[in-house]
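Step one of this worksheet: look at the structure below.
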Amino acid sequence: MEGFVKVCLVTGPDGRALFREEHIALDQGKPPARLSALMQSSGCQLRRSPVGFRSEFHCTEHPQWVFILGGRMEIGLQDGSRRSFGPGEHFHSADLLPPGASFDPALHGHCSAQQGDEQLVTLFVRD
């Protein structure tokens, strides 16, 4: 059965953010247009980030899907790894601060940056 790859940004056992991939089955709908099971959401937001936008390291406050509608977004992790997403690509951001932890910008979270000469347009869909 054909599926969908969900790129996930999560908090690992050591408190650091990391990427992992999960499989979502497309086992509903009809053969010409396969669907996943319905997923709940609690709302969505659109964001426009100008050329040159960069964030500091931070943790996700609410798990959410991030869909890139225009431009490019780079996500950087504490281990120095980076991953870039362009129009039509996505990731699920769920790198929450570990329970009981105080945020440490040298340990926790991720940073994001607009790439290239086109503003970044994103759609956030909260779980």
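Values quoted throughout were computed directly from the atomic coordinates according to the rules given, and no laboratory measurement underlies them. Since the model is a prediction, treat every value here as computed from it, not as a measurement. In this analysis, Cβ positions are derived from the backbone assuming ideal geometry, glycine residues included, and neighbour counts consider all displayed protein chains.
In the condition set (1) within 15 Å of the chain's Cα centre (by Cα); (2) on the phi < 0 side of the Ramachandran plot, Leu26 is compliant with all but (1).
Among the residues of segment 50-74, which ones are surrounded by 14 or more Cβ atoms within 10 Å (Cβ to Cβ) and at positive phi? Result: Gly71, single match. Tell me, yes or no, whether segment 58-67 has at least one residue that is outside any loop (DSSP other than H, G, I, E, B), closer than 15 Å to Leu123 by Cβ and β-branched (Val, Ile, Thr). Yes, segment 58-67 has at least one match.
Every residue in segment 77-127 that is more than 18 Å from Gln45 (Cα to Cα) and of a type in the set (D, E, K, R), please. Residues satisfying the conditions are Asp79, Arg82, Arg83, Asp95, Asp104, Asp117, Glu118.
Restricting attention to segment 1-55, the residues that are charged (D, E, K, R), touching a residue at least 24 places away in the same chain (Cβ under 8 Å) and assigned to a loop (DSSP other than H, G, I, E, B) add up to 3. The set of residues in segment 75-114 that are without any contact (Cβ under 8 Å) to a residue 60 or more places away in the chain, polar (S, T, N, Q) and surrounded by 17 or more Cβ atoms within 10 Å (Cβ to Cβ) contains only Ser112.
In this structure, Gly76 does satisfy being touching a Phe, Trp or Tyr at 6+ places or on another chain (Cβ under 9 Å), closer than 15 Å to Leu120 by Cβ and either assigned to a loop (DSSP other than H, G, I, E, B) or of a type outside the set (Lys, Arg) (or both). Evaluate the following for Leu107: is it of a type outside the set (S, T, N, Q), in a loop (DSSP other than H, G, I, E, B), under 15 Å from the mean Cα position of the chain (by Cα) and under 16 Å from Phe19 (Cα atoms)? It is false that Leu107 is of a type outside the set (S, T, N, Q), in a loop (DSSP other than H, G, I, E, B), under 15 Å from the mean Cα position of the chain (by Cα) and under 16 Å from Phe19 (Cα atoms). Taking segment 23-38 as the range and being touching a strand residue (DSSP E or B) at 6+ places or on another chain (Cβ under 7 Å) and over 10 Å from Glu2 (Cβ atoms) as the test, the residues that pass are His23, Ile24, Gln28, Gly29, Leu35, Ser36, Ala37.
Scanning segment 2-43 for residues that are exposed (fewer than 15 other Cβ atoms within 10 Å of the Cβ) and hydroxyl-bearing (Ser, Thr, Tyr) yields Ser36, Ser41, Ser42.
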